[in-house]
Amino acid sequence: MADPKKLRLGVNIDHVATVRNARGGAYPDPLRAARIAEDAGADGITAHLREDRRHISDADIDGLMEVLGVPLNFEMAATDEMQAIALRHRPHAVCIVPEKREERTTEGGLEVAREENKLAHFIAPLRDAGCRVSIFIAADKRQIEAAHRIGAEVIELHTGAYCDAAAEGDKATVASELEALTEMATFAHDLGLEVHAGHGLNYETVKPVAALPEVMELNIGHFLIGEAIFLGLEPAIHEMRRLMDEARV
Ligand code: PXP
């Protein structure tokens, strides 16, 4: 049986679809990547169906729901269209993310505090349908409290600012971002929320986040798919898993 305390790894396969879509055909197939990730020990697969369908397609989600043996974490914006898709598929988890067409990736966390009523109504049917609702937010007390009040079961802490600072060699910001992630993981856990984290993580940045005892799941995509070009997907995932396990002891 899976150890409920073990840090889970969700492999995000969006960027397999990015490469596929560069040529408009069917290769490389994100479903094949998902199966390899599963065989390599991924505890879940994450896919973000964006409004503009720039990477993952509706057909990819249909396929993932059919073939996956591990849970699907379906990332989506809080729109009626996405809610209808999620309610049709009822994936294990739905992660609500902010989405702006012009952004390159999900740049910031969701502004929950300002949209509390709207989001509370939005997530209620998803919860009723049996999906675990996760909210992707910055390590910010106000947002965490609001996520708790609207009835989310999970928050995913945005690690992008920490990872960007690490890439720039900005040690002071790395330290302050890690401090915020550490404090807010504890704060959210104490409220009864399950804590996940992700965005921008790589072999250099993963360990301090994996070491936070309240964090139960990391969602990692771009780096692993990039590293798969050099190492292959399975070894890339094995190395990430090894570093996560090393950080946890
Ligand atoms: N978690 C969430 C909520 C995301 O939106 C993303 C990016 O799609 C990730 C994790 C994974 O980020 P990355 O691809 O940078 O590893």
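Only the coordinates and a few stated rules stand behind these numbers; no lab work does. Small disclaimer: the values here were computed from a predicted structure and weren't measured. Quick reminder, even Gly has a Cβ in these numbers, built from the backbone with ideal geometry, and neighbours come from all protein chains shown.
Odds and ends about this structure:
- Using a Gaussian network model of the chain in which every pair of alpha carbons under 10 angstrom is joined by a spring, one finds that among ALA167, ALA197, ALA42 the greatest mean-square fluctuation is at ALA167.
- In terms of its Cα atoms, segment 158-249 spans 40, 28, 21 Å along the principal axes, sorted from long to short.
- Label-point gap, in nm, between MET65 and LYS6 - each point 7 angstrom along Cα→Cβ: 2.8
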